[in-house]
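Computed from the coordinates by the stated procedures, all read-outs in this text should not be read as laboratory data. Owing to the predicted nature of the structure, the values given are computational and were not obtained by experimental measurement. Because the Cβ atoms are built from the backbone with ideal geometry, glycine has one as well, and the counts that use them run over all protein chains shown.
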2 protein chains.
Amino acid sequence: MFFLTPVLVAVICILVVWIFKNADGSIERRKGETRARAESRPWVDEDLKDNTDLHQGEEDADDWQESEEDVEHIPFSHTRYPEKEMVKRSQEFYELLNKRRSVRFISDEQVPMEVIDNVIKTAGTAPSGAHTEPWTFVVVKDLDVKHKIREIIEEEEEINYLKRMGRQWVTDLRKLRTNWIKEYLDTAPVLILIFKQVHGLAANGKRKVHYYNEISVSIACGILLAALQITKVCLEEGPFISFIIL
Amino acid sequence: MFFLTPVLVAVICILVVWIFKNADGSIERRKGETRARAESRPWVDEDLKDNTDLHQGEEDADDWQESEEDVEHIPFSHTRYPEKEMVKRSQEFYELLNKRRSVRFISDEQVPMEVIDNVIKTAGTAPSGAHTEPWTFVVVKDLDVKHKIREIIEEEEEINYLKRMGRQWVTDLRKLRTNWIKEYLDTAPVLILIFKQVHGLAANGKRKVHYYNEISVSIACGILLAALQITKVCLEEGPFISFIIL
């Protein structure tokens, strides 16, 4: 798993926080406004709350034209496979996905952009909280930009190993023989950066709440991984690294 | 999308917090112990921290035998498709997954358990923080248990609609024409409950940290959705509902 393999391309999934400039102040303000209401009934799972307490004051609700928009009705069509075929397909898909590995040695061979487009479009079919689709996919091919990304990630990852995550984490990772050097970020011909949008912007410039944005983006990442494996484009996924773009 | 369709089976993905009994006290204690160290270098993204501050004190690190376990080496094999084939496969997978819908009307037709087993095994191939695989999949077929689950979810969801999430959320959902009544939880022959494990237990009874457990489980959910769609087992996914099992 850790020797040089004929891997075709590396696609790096980096979960990044999408923070709009100058938005922090208003977030804090909104939190204050809604706190009283939130306290009246606690969340079942605080951990799942995931920034959705950023909803606007109730007085703003009527301003949202988009919520009432007419969307074209697309009839749902479904054909069922015979049971034998269902079992066969589920078995084959399992066997294919079970071959996926997180590798650290990446080939520099090019991959058609059409494939990259398709796997990202596939990821975009993921379900999301209130269908807000809170993700941004950024494809990077430029050598200099890739290298800058590598530098940022290595700097943060070194801090992870040396102090941020603690010795237990380093111990737990030892059997994986990883470290903070990520040469493959230069080698890979394509990087896919995945940004989660903690909120969007409506047509009228107002803040649009993205419910459960982190869970939604992570589900999209899972579908992206499946699409890459179907295509047999190998990859290094690093969904557990994050940095902030200000 | 919202009329009665010949959907074969419903599989409900419910992201649930797996909380071990009597564990809360020690979690709080550990948080206190590690706070001083954590403050020395803030997390890049607080939101991604995701309970991984629960790592044990550094003095415990040497107790972890599992981290040093010998695991069998499985050579990584990879065959590359010709470019045309890659494009074709990525296109077909996109078209198939783009047909997935979140539906509210579910058929009661049975589905082979082998298919359910395969899609769950497929979800289990997902990557996870430090390869901790912090998920538990529970398959429910018993009518009474399904109904009890429905009652719990409806009770919580009603609170979501009436007060917890606020009027903005209700407004944003209006175009989806959903509500808190989830009859399909009775109708569906199979429910898959997905628990995230905020920590595990090592062989020696010690707490095992599950890094980025929520992101990891959500990625597994994405792969589960892809597997279900490949199999053309239709589903209602509700990954945004949670409740606590104590």
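Summary table
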quantity	calculated
More than 19 angstrom apart: percent of Cα pairs within the range A:92-246	62 percent
Shortest-first nm distances, A:GLU85 label point to equivalent points in other copies (7 Å, Cα→Cβ)	2.3
Cα gyration tensor shape of the range A:96-162, rounded if a/c is under 1.5, else prolate or oblate by comparing a/b with b/c	prolate
Formal net charge of residues neighbouring A:ALA220 (Cβ-Cβ distance under 10 Å; K, R +1; D, E -1)	0
Residue-count net charge about A:TRP180 - beta-carbon cut-off 13 Å; Lys, Arg +1, Asp, Glu -1	-1
Residue exposure sequence - B:MET86, A:MET113 - by fewest surrounding Cβ within 10 Å	A:MET113, B:MET86
Three-way shape call for the range A:147-188 based on the alpha-carbon gyration tensor, with the a/c threshold at 1.5	oblate
Neighbouring partner chain Cβ atoms per residue of A:113-125, average, 10 Å criterion	5
Lysines whose Cα lies under 25 Å from that of A:LYS182, excluding same-chain neighbours fewer than 8 positions away	A:LYS99, A:LYS141, A:LYS146, A:LYS148, A:LYS163, A:LYS196, A:LYS232, B:LYS49
Sequence of A:ILE120, B:ILE219 once ranked by neighbouring C-beta atoms within 10 Å, starting from the fewest	A:ILE120, B:ILE219
Exposure proxy order (Cβ contacts within 10 Å, fewest to most) of A:LEU193, A:LEU143	A:LEU143, A:LEU193
5 angstrom amide H check on B:TRP135, placed H, neighbours 5+ away	B:GLN197
Positive minus negative residues near B:MET86 (Lys, Arg vs Asp, Glu; Cβ under 9 Å)	+2
